[in-house]
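The values are calculated or read from the model by the stated rules, or taken from the named source; none is laboratory data. Small disclaimer: the values here were computed from a predicted structure and weren't measured. Here the Cβ positions follow ideal geometry from the backbone for every residue, glycine too, while neighbour counts run over all protein chains shown.
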Amino acid sequence: MRRATATLPGLTASFMKGTIMRPAHQRPFIAALAAAAALSLAGCGAVAQSASSGTASPSGVATTSPATSSTATASPTTSGGKPSSSAPAPAVLATYTFPDGRLSFKYPADWKVELFTGDVKPSTSRTATVFDASGTKQVTVYSGLIADGVTHPVTRTVFESAPVPGLGEQPAPAAHYSFYVDRMDSNSTYRMHLTAGAPQAGKGAALDGIIRIGKEVLVAEAQFIEKPFANDAAAKAWLASTEGRAIKGLLLSVTYR
């Protein structure tokens, strides 16, 4: 779960699935909608609804279409090596649309999306959790009035970053899909998520991943457990895998109209 703390007016791959673990030095955001401060993201006691491929649900719509991967719509910049350029034939993708009809993303048609909404009526937050065909949680996409962020000093190596075409009209800094590793002391934190602007290599601060969309915020990220990859080479190999490309394509496909 995300904690609600602020509002707006962001080789063989060796990996495991789960939730990113991060140090907990928090940096608060300025509240513009104080009435939403008690909201719990993806909420405890939330309402859950699921959308299987090609079906519609009361709170969100999933449609299928034989589509090319979203990765073809952007030209990512790379650092520290490039994954293999070879790729299989385009997979059939489904499109999930949030209840507001404005926010959507594409995902493999054999994966599943579950939508969680807060207890407040009308709901002011929505979290779509994307599971692969085996039931493993792969990505979460949150939209709402509030989001939290953590920060601490890190040294960053950026593997890949590219603007998200479907978010190009949103406020600057432009939303980017990004895959990188942050290092602090002897700990490495691998992250693939949407960032406000392209992440910078070298010494800096951990990124909160909060994107502005209209009057709300968006947070979309791959779900890794602590130490998902043995090393950077394994992370790059995973990025070139079917799973890595699918998650990258999902993040690049996020659209807000």
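List of remarks:
- Here residue 254 does not qualify as β-branched (Val, Ile, Thr), crowded, with 20+ Cβ neighbours inside 10 Å and touching a His at 6+ places or on another chain (Cβ under 8 Å).
- Scan of region 117-130 for residues that are surrounded by fewer than 22 Cβ atoms within 10 Å (Cβ to Cβ) and outside any loop (DSSP other than H, G, I, E, B), ordered by number: 129
- Residues of region 131-148 that are of a type outside the set (A, V, I, L, M, F, W, C) and surrounded by 20 or more Cβ atoms within 10 Å (Cβ to Cβ): 138, 140, 142, 143, 144.
For (1) surrounded by fewer than 20 Cβ atoms within 10 Å (Cβ to Cβ); (2) of a type in the set (Lys, Arg); (3) assigned to a strand (DSSP E or B), each residue gets a yes or a no:
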position	(1), (2), (3)
173	yes, no, no
177	no, no, yes
182	no, no, yes
190	no, no, yes
194	no, no, yes
209	no, no, no
217	no, no, yes
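- When 205, 198 are checked against the criterion of being over 19 Å from residue 248 (Cβ atoms), over 13 Å from the mean Cα position of the chain (by Cα), hydrophobic (A, V, I, L, M, F, W, C) and surrounded by fewer than 20 Cβ atoms within 10 Å (Cβ to Cβ), a single residue qualifies: 205.
- The set of residues in region 131-162 being in contact with a Pro (Cβ under 9 Å, 6 or more places away or on another chain) and in a strand (DSSP E or B) consists of 150, 156, 158, 159, 160, 161, 162.
For every residue, the table says whether it meets (1) surrounded by fewer than 14 Cβ atoms within 10 Å (Cβ to Cβ); (2) modelled with pLDDT under 50; (3) among the hydroxyl-bearing types (Ser, Thr, Tyr).
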site: 55; (1), (2), (3): yes, yes, yes
site: 76; (1), (2), (3): no, yes, no
site: 86; (1), (2), (3): yes, no, yes
site: 90; (1), (2), (3): yes, no, no
site: 104; (1), (2), (3): no, no, yes
site: 113; (1), (2), (3): no, no, no
